[in-house]
1. Please arrange His322, His253 by how many other C-beta atoms lie within 10 Å of their C-beta, fewest to most.
2. Quick one: which residues, 5 or more positions from Ile94 or on another chain, have an amide H under 5 Å from its amide H? H modelled 1.01 Å from N in the peptide plane, none for Pro or chain starts.
3. Cα centroids of segment 112-161 and segment 173-205: how far apart, whole angstrom?
4. Per-residue HN-Hα couplings for segment 249-254, Karplus 6.51 cos²θ - 1.76 cosθ + 1.60 at θ = phi - 60°, whole Hz, x for Gly and Pro?
5. By counting other Cβ atoms within 10 Å of each Cβ, how are Phe75, Phe274 ranked from fewest to most?
6. Using Cα atoms only, what is the angle between the long axis of helix 325-337 and the major principal axis of the chain, expressed in degrees (0 to 90) to the nearest 10?
7. Return the calculated 222 nm mean residue ellipticity for the chain, to the nearest 500 deg cm²/dmol, obtained by summing -39500 (n - 2.57) across DSSP H runs with n ≥ 4 and dividing by the residue count.
8. Rounded to the nearest 10 degrees, what's the angle between the helix 340-359 long axis and the longest principal axis of the chain, both from Cα atoms, 0 to 90?
Amino acid sequence: MDQLFGNLKGFFKTNFTYTDNSIFRLHYKATVAILIAFSILVTGRQYIGDPIDCITKDSVPTDILDTFCWIHTTFSMPDAWNKRVGVEVPYPGIDKSSNGSQKRVYHAYYQWVCFVLFLQAALFYVPRYIWKMVEGGRIKNLVLGLDNPILGDAAKVSGRRLLVEYLMVNRNNHNLYFWVYSLAELLNFCNVIGQMFLMDYFLGGEFSKYGAEVLNFTQWSQEVRYDPMIRVFPRLTKCIFHMYGSSGDIQRHDAMCILPINIINEKIYVFLWFWFIFMAIVSGGVLVYRAATLFLPSFRARVTKSKGRLANRERLERIIEHSKIGDWLILHMVCKNIDALNFRDLINDYYESLYETKSEP
């Protein structure tokens with residue numbers, strides 16, 4: 001198992017410089033790692049065996065039948081979902097189909113699950129990639145060793161002086177920084193919602209109600225009760241194989257196919273249903289939070305003060321209230337990454353430089 005998932009440990013390494021928030025990291029770290037792990041899992045035959053095994057009494061070689069049914073899809077009979085197992089049908093979704101008049105639901109998605117999961121992981125990383133390209137390591141360069149609480153006095157003074165000089169020279173020039181970061185957060189939210197629709201389309205419209213039906217499963221009538229997961233990810237399906245007989249006539253071979261792969265798929269998508277609902281809620285909350293920081297300067301001050309508790313409240317509030325939104329974001333990111341004592345002294349130095357400059361004739 002470690003051979004399969006060992007390389008995913010890198011997603012959970014702690015960064016020493018933070019240029020985003022914890023919800024943002026849930027998108028490009030936790031969610032990407034989860035999706036890639038699931039993509040790898042559904043290809044691990046040593047844990048689930050063959051993805052499909054078909055049963056037939058005819059002379060068709062088993063390996064050929066398995067390959068054919070995997071490539072050309074299998075099907076279920078929707079009219080058989082609510083019939084009594086062992087009395088009317090042998091298994092939910094399995095019924096006679098010799099007359100061809102009954103409705104069929106074909107299953108082909110299991111061939112694509114690993115690819116779709118990997119694509120979803122890549123899409124979750126796109127906002128992070130955009131933000132990383134624009135951010136360009138700026139905050140890491142601005143820290144200047146001030147994240148170390150035992151830095152020497154000379155190094156502290158030098159670091160604060162350089163940082164204050166940067167903030168003064170580049171004042172009012174960071175709005176693009178804020179807007180790209182906000183765009184990345186918006187893309188995170190849109191990506192989650194869009195992927196929920198993508199999975200719903202991929203699973204034939206079943207994903208949107210999948211988790212809710214699983215939760216309601218225990219309340220169903222015992223007479224017609226069946227696990228709703230097997231309708232979306234059937235474990236036993238049907239397959240029709242045609243071939244020429246010895247006289248040249250077309251022969252029809254009916255087979256039942258066991259899909260062990262769907263034991264994994266159903267658990268994956270139950271988890272993803274709840275995970276995506278959670279991610280959509282928290283990502284929507286982030287957009288509300290970002291709107292508050294955009295329109296309420298006093299809220300920005302409270303947010304930064306909560307991180308830099310040792311800084312002088314009046315000075316911090318005055319700096320933020322008279323700074324554009326991009327300058328506040330840079331200051332807030334710096335606050336998240338340097339020592340609290342160093343941030344307190346930085347605010348004092350920045351305040352003095354800022355208002356001494358303003359008071360000059």
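1. Result, fewest neighbours first: His322, His253.
2. So Ile94 has HN proximity to Met77.
3. About 20 Å separates the Cα centre of segment 112-161 from the one of segment 173-205.
4. 7, 6, 10, 10, 10, 9
5. Phe274, Phe75
6. Between the helix axis and the principal axis of the chain, the angle is about 80 degrees.
7. It comes out at -18000 deg cm²/dmol, rounded to the nearest 500.
8. 60
Only the coordinates and a few stated rules stand behind these numbers; no lab work does. These numbers come from a predicted model, not from an experiment. Quick reminder, even Gly has a Cβ in these numbers, built from the backbone with ideal geometry, and neighbours come from all protein chains shown.
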